[in-house]
Ligand code: NAP
């Protein structure tokens with residue numbers, strides 16, 4: 001019999017990559033979608049799997065809908081990827097961010113506990129939970145958390161809730177603490193995609209500037225397609241556990257700009273980049289740099305796509321998309 005997986009956040013970036021992997025592994029895949037006048041399936045279309053997923057309607061903030069979904073789907077594995085995932089917006093909409101990212105997870109865990117208690121649960125935790133905390137410049141599973149945004153705080157609540165359902169009810173609840181991961185279907189407001197879209201537009205003569213906040217922040221950027229493999233592996237283990245998933249390399253936004261403009265043959269890129277205080281965070285995270293030794297050892301996972309290749313992949317996809325238009 002096919003294993004049944006439920007993915008929340010199916011229309012985002014990671015949902016489609018994960019769905020594609022699970023379909024390849026012969027799963028029956030259900031995707032939770034919110035009610036929209038015009039739902040946007042473009043990320044699933046990009047990966048060519050729109051008609052291979054079963055869609056089920058619900059909302060992370062509506063407990064009754066989650067109960068219904070768990071009762072109907074009876075999943076073997078639940079991947080909770082749904083979130084208000086943009087740190088900037090979490091300052092403007094802190095309450096809704098908490099309702100989706102924190103309380104929504106509690107509702108989902110309760111539904112699983114009551115109606116599919118043997119289902120394995122994956123929680124999409126984030127390196128943002130560390131804030132500026134580090135040891136010798138690196139974050140590991142042992143690094144103390146110090147969240148610096150409503151987004152990070154909401155994710156920390158969900159992280160601990162998953163651990164507490166594991167410890168209190170013996171459920172299989174695991175956290176992937178994922179560092180930034182990107183792809184051609186990354187949300188357009190995120191800095192990497194904003195850069196690749198902007199550089200593609202400049203190259204094609206459709207724009208003449210990119211407005212950004214802080215160019216000196218450093219991030220550990222990987223490829224979403226590699227990171228969803230880690231999510232799946234985390235749920236294939238005998239025991240639930242928490243894992244850092246990262247490349248172990250860190251680059252500044254300036255490095256990203258350099259690689260992106262270089263790829264399209266523009267050397268003197270500084271004239272195209274305008275600093276705009278509106279895009280600065282109220283509380284900055286200076287450097288994220290993850291040590292994913294545990295995942296590499298226990299899950300036998302490692303990232304395949306390197307930084308330069310990731311940047312090129314995103315630029316090429318944006319140029320192709322904009323050229324079509
Ligand atoms: P994303 O592109 O922003 O996708 C998030 C998805 O959540 C969207 O499909 C969105 O649905 C859905 N969603 C939002 N509110 C919802 C609600 N109330 N009910 C149901 N669904 C809702 O995020 P992503 O990049 O794929 O990331 C996946 C998960 O990993 C997120 O939880 C994110 O916080 C976490 N994470 C991401 C990264 C990263 O670098 N990408 C790093 C660490 C952790 P709509 O399409 O309907 O808006």
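A short reminder: the numbers here are calculations on the coordinates, not readings from a lab. Given the structure is predicted, the values throughout are model-derived calculations rather than measurements. Quick reminder, even Gly has a Cβ in these numbers, built from the backbone with ideal geometry, and neighbours come from all protein chains shown.
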Q. Computed FRET efficiency, Cβ-Cβ of residue 74 and residue 293, R0 41 Å: what is it to the nearest 0.05?
A. 0.70
Q) Helix 307-324 versus the longest principal axis of the chain: what angle, 0 to 90°, nearest 10, using Cα atoms? A) 80 degrees
Q. Say each of residue 216 and residue 61 gets a label point 7 Å from the Cα, pointing the same way as Cα to Cβ; how far apart are those two points in nm?
A. 3.7 nm
Q: Sort 99, 209, 239 so the one with the fewest other Cβ atoms within 10 Å of its own Cβ comes first.
A: 239, 209, 99
Q.
Taking the beta-carbon count within 10 Å as an exposure proxy, list 6, 204, 81 from fewest neighbours to most.
A. 204, 81, 6
(Q) At a threshold of 8 angstrom on Cα-Cα distance, excluding pairs fewer than six apart, so keeping six or more, what relative contact order does the range 1-158 reach in percent? (A) 23 percent
Q.
Quick check: residue separation of residue 141 and residue 304 times 0.36 nm, minus the Cα distance between them. What number comes out in nm?
A. 56.5 nm
(Q) What is the angle, in °, between the Cα long axis of helix 150-169 and the longest principal axis of the Cα atoms in the chain? Nearest 10 is fine, range 0 to 90. (A) 30 degrees
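Could you tell me the relative contact order of the chain? Use alpha-carbon pairs under 8 Å, at least six residues apart, and round to a whole percent.
This gives 17 percent for the chain.
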Q) What nm distance separates the two modelled labels at residue 93 and residue 281, each placed 7 Å from Cα along Cα→Cβ? A) 1.9 nm
Q.
Starting from 0.36 nm per residue, how many nanometres of slack lie between residue 189 and residue 325 once their C-alpha separation is accounted for?
A. 47.0 nm
Q. Among 45, 255, 197, what is the fewest-to-most ranking by other Cβ atoms within 10 Å?
A. 45, 255, 197
Q. Hey, what D do you get for the range 230-288 in µm²/s if you plug the Kirkwood alpha-carbon radius into Stokes-Einstein at 25 °C and 0.890 mPa s?
A. 159 µm²/s
Q: Can you bin the range 105-200 into rounded, prolate or oblate? Criterion: square roots of the alpha carbon gyration tensor eigenvalues sorted a ≥ b ≥ c, rounded for a/c under 1.5, prolate for a/b above b/c, oblate for the rest.
A: oblate
Q.
What do you get for the angle between helix 253-263 and the principal long axis of the chain? Use alpha-carbon atoms, 0 to 90 degrees, nearest ten.
A. 70 degrees
Q. Using only Cα atoms, what is the ratio of the radius of gyration of the chain to 2.2 N^0.38 Å?
A. 0.97
Q) Rounded, prolate or oblate: which fits the range 1-153, taking a ≥ b ≥ c as square roots of the Cα gyration tensor eigenvalues, rounded meaning a/c under 1.5, else prolate when a/b beats b/c? A) prolate
Q | Förster radius 25 Å - calculated FRET efficiency between residue 241 and residue 42 (Cβ-Cβ, nearest 0.05) | A | 0.15
Q.
Which of rounded, prolate or oblate describes the range 92-158 when judged by the alpha-carbon gyration tensor and an a/c cut-off of 1.5?
A. oblate
Q) With the contact rule set at Cα under 8 Å and sequence spacing of 6 or more, what percent relative contact order holds for the range 100-257? A) 25 percent
**Q.** Separation between Cα centres of the range 6-26 and the range 140-200, rounded to whole Å
**A.** 17 Å
Q: State the three equivalent ellipsoid semi-axes of the range 36-83, derived from the C-alpha gyration tensor as the square roots of 5 times its eigenvalues, in descending order and whole Å.
A: 21, 14, 10
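Ignoring everything except DSSP H segments at least 4 long, calculate the 222 nm mean residue ellipticity for the chain; use -39,500 (n - 2.57) per segment, divide by total residues, nearest 500.
Theoretical 222 nm ellipticity from helices: -12000 deg cm²/dmol.
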